[in-house]
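Student: Would you mind keeping the following structure in view while I ask a few things?
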Amino acid sequence: MTTEMKFHVLTLFPHMVTGGLLTGVTGRAAEKKIISLNAVNIRDYTADKHGKVDDYPYGGGAGMLMQAQPVFDAWKSVTGGRNIRTIYVTPQGVPFTQKTARELSRERELVFLCGHYEGIDERVLEKVVTDSFSIGDYILTGGELPAMVMIDAIARLIPGVLGNQASPEEESFHNDLLEYPQYSRPEVWEGVPVPGVLLSGDHRKVEEWRLEQSEARTAARRPDLYGKYREKQQVIKMLSKEKRNNIHIMESLSSGKGEILYAKEDRLLVYDRASRLCMINARDLVSGEKLADMIPEETGLAVVSEEFLTEILQERGYRISSRCRQLLYTRKETLPVKYKDIRSVSMEYFPYICAHYHGEDAEWAEYVRERILAGDMYGAFAEGRPAGFIGIHSEGSLGMLFVEEAYRGRGIGASLEAFGVNRILEKGRTPFVYVEDRNELSLRLQEKLGFIQAKKTFFWLEKSACK
Ligand code: 21W
């Protein structure tokens, strides 16, 4: 099983760090042992008998510097010579962004080094620091608050920290946009009423209004974000001309997980962060190769709907893992669910789901855990025992369907599918599925529920382990 993510903070003010982070959401996460926090007082490691950790800078100048020895000894005490990413928080660092937070949330252990006074002796920084980050262009009195900011941003991305909330970065259509204004009771406060549309009960109208508000705010306050948003909308509009063949890319982009790495005419490369998946559209070999060269290093999966693209990818160390039909559900209405005992499952059913989904494989087990914690796995129960399950994949498609042999032929599979479709519709998204090429039974089940097929065959490719 996975262990907690460990944060070590080397600081002169350990209580400031624990006081802040062991409160609220991150505090809960520490109690639940999803993260751990180890604040180390650098002063405890000084060799100076008076507890001194600073001295004057050679060459002169204002103020004092933290000396190398206590910092180095404090660092050695937590790393013990192990190779752990060590982050120096400093106004001279590269800007810390959501992307940085995402990348660091994949580490198992991190060390943060907080400076004080005018800085730290460069020689110890050269020995221990692997990354330097700043939180923005303003001057603070120390590195503790920036370290806490970074740990907070990283921790909330770890599955389980936010509780059973959908992916913390996947907030339906409003990604790339600032949030819309929100209102709660009372209906009139200090003579100011809540906007009427929010009381109308008309969900579609509410969504439209929120989107308008988000767009207007973003255009006014963040022209940089707004430009990116408009570009993405344009690509989605292009793709919608062939919705059946492109629904996977449209969903990845509109959910905010997909990033356009290249888009020009009918050539498109989109990277879905949540599943480390590349989706590629190209018409010919030359453009296909050009796009393939732009695939990010961290990619583990690719999906394409052209045979020649599979060849290009195979030359680059990918192997075909399946040939699929892609189907999408175009209606807005939810489906009736005949079998009643279906609900979202907790980690209690982790061993059960793993046993029936890719067996013992550790990487798949980690994936199942992440899907359960995201609230995207649903179980069917009979006599209080699990009878099957379905899930929403991290790239948005419905799948992982399984029904116990003893319970087959009773419509539980169809009910699980319908239940999944409804959850996706509730999120304001479009349900789509992949069906293995020769699985006629599953194909017919999806079509009976109202799914329609894409014209193309879809190829899933995995990066081969040995490369
Ligand atoms: C402020 C440290 C000013 C040092 C070379 C010659 C970490 C921070 C901090 C702090 C100085 C971050 C100097 C945004 C921040 C941080 C404390 C002055 C003088 N250097 N992100 N003279 N803003 N700040 N250095 O302040 O440690 S990340």
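Student: Only one of (1) open to solvent by less than 50 Å² (accessible area, probe 1.4 Å); (2) modelled with pLDDT under 95; (3) over 26 Å from the mean Cα position of the chain (by Cα) fails for Ser254. Which number is that?
Tutor: Here Ser254 meets the rest and fails (3).
Student: May I ask you to verify whether Val78 is hydrophobic (A, V, I, L, M, F, W, C), within 16 Å of the ligand (Cβ to nearest atom) and outside any loop (DSSP other than H, G, I, E, B)?
Tutor: No; evaluated as a whole, the condition is false for this residue.
Student: On to the next question. Could you check how many residues of segment 215-234 are over 22 Å from the mean Cα position of the chain (by Cα), open to solvent by less than 80 Å² (accessible area, probe 1.4 Å) and within 25 Å of Asp272 (Cα to Cα)?
Tutor: Count: 3.
Student: Can you tell me which residue is nearest to Leu328 (Cα to Cα) among those in segment 364-405 that are open to solvent by less than 30 Å² (accessible area, probe 1.4 Å) and of a type in the set (D, E, K, R)?
Tutor: Filtering first and then ranking leaves Glu395.
Student: What number of residues within segment 326-357 satisfy the criterion of being assigned to a strand (DSSP E or B) and open to solvent by 40 Å² or more (accessible area, probe 1.4 Å)? Break it down into steps so the answer makes sense when it comes.
Tutor: First, the residues of segment 326-357 that are assigned to a strand (DSSP E or B): 326-329, 342-344.
Subsequent filtering for residues that are open to solvent by 40 Å² or more (accessible area, probe 1.4 Å) retains 343-344.
Number satisfying all stated conditions: 2.
Student: Hey, another quick one. Would you point out the residue of segment 147-159, among those that are open to solvent by 10 Å² or more (accessible area, probe 1.4 Å) and within 11 Å of the ligand (Cβ to nearest atom), that is nearest to Ala39 (Cα to Cα)?
Tutor: Met148
Student: I want to confirm something. Restricting to segment 88-125 and keeping residues that are part of a strand (DSSP E or B) and among the aromatic types (Phe, Trp, Tyr), which single residue is nearest to Pro57 (Cα to Cα)?
Tutor: Tyr88
Student: Looking for something over 27 Å from Ser105 (Cβ atoms), open to solvent by 10 Å² or more (accessible area, probe 1.4 Å) and touching a Lys or Arg at 6+ places or on another chain (Cβ under 9 Å) - is there at least one such residue anywhere in segment 406-418?
Tutor: So far as segment 406-418 goes, yes, one or more of its residues are over 27 Å from Ser105 (Cβ atoms), open to solvent by 10 Å² or more (accessible area, probe 1.4 Å) and touching a Lys or Arg at 6+ places or on another chain (Cβ under 9 Å).
Student: Here is a follow-up. Please enumerate the residues belonging to segment 99-146 that are within 15 Å of the ligand (Cβ to nearest atom) and polar (S, T, N, Q).
Tutor: Thr100, Ser132, Ser134, Thr141
Student: Kindly list, by first and then second residue, each pair from a residue in segment 305-321 that is free of Cβ contacts under 8 Å to residues at least 40 places away in the same chain to a residue that is open to solvent by 90 Å² or more (accessible area, probe 1.4 Å), limited to pairs with Cβ atoms under 7 Å and residues at least 6 apart or on different chains.
Tutor: Short answer, once both residue conditions are applied: Phe308/Leu285.
Student: May I pose another question? Among the residues of segment 61-75, write down those that are touching a Leu at 6+ places or on another chain (Cβ under 9 Å) and within 13 Å of the ligand (Cβ to nearest atom).
Tutor: Within segment 61-75, Met66 is the sole residue that qualifies.
Student: Further question: Quick check on segment 126-142. Is at least one of its residues small (Gly, Ala, Ser), assigned to a strand (DSSP E or B), under 20 Å from Ala74 (Cβ atoms) and touching a residue at least 40 places away in the same chain (Cβ under 8 Å)? Steps first, answer last, please.
Tutor: The first filter runs over segment 126-142 and keeps only residues small (Gly, Ala, Ser), leaving 132, 134, 136, 142.
Right, trim to assigned to a strand (DSSP E or B) and you get 132, 134.
So of that shortlist, the ones also under 20 Å from Ala74 (Cβ atoms) come out as 132.
So of that shortlist, the ones also touching a residue at least 40 places away in the same chain (Cβ under 8 Å) come out as 132.
Within segment 126-142, one or more residues are small (Gly, Ala, Ser), assigned to a strand (DSSP E or B), under 20 Å from Ala74 (Cβ atoms) and touching a residue at least 40 places away in the same chain (Cβ under 8 Å).
Student: Any chance you could count how many residues in segment 110-134 are at pLDDT 95 or above and open to solvent by 50 Å² or more (accessible area, probe 1.4 Å)?
Tutor: 5
Student: Go through the residues of segment 265-272 one by one and say whether even a single one is among the hydroxyl-bearing types (Ser, Thr, Tyr) and not in a strand (DSSP E or B).
Tutor: So in segment 265-272, the residues among the hydroxyl-bearing types (Ser, Thr, Tyr) come out as 271.
Checking the rest, the ones that are also not in a strand (DSSP E or B) come to none.
No, every residue in segment 265-272 fails to be among the hydroxyl-bearing types (Ser, Thr, Tyr) and not in a strand (DSSP E or B).
Student: Could you list, in sequence order, all residues of segment 29-68 that are without any contact (Cβ under 8 Å) to a residue 40 or more places away in the chain and open to solvent by 60 Å² or more (accessible area, probe 1.4 Å)?
Tutor: Correct list: Glu31, Lys33, Arg43, Asp44, Tyr45, Ala47, Lys49, His50, Lys52, Tyr56, Tyr58, Gly59.
The values are calculated or read from the model by the stated rules, or taken from the named source; none is laboratory data. Just so it is clear, the model here is predicted, and its values are computed rather than measured. Positions of Cβ are generated from backbone atoms using ideal geometry, with glycine treated the same way; all protein chains shown enter the neighbour counts. Surface areas here come from the heavy atoms of the whole protein model, side chains and all, with no ligands, DNA or RNA. Shrake-Rupley method; radii C 1.70, N 1.55, O 1.52, S 1.80 Å.
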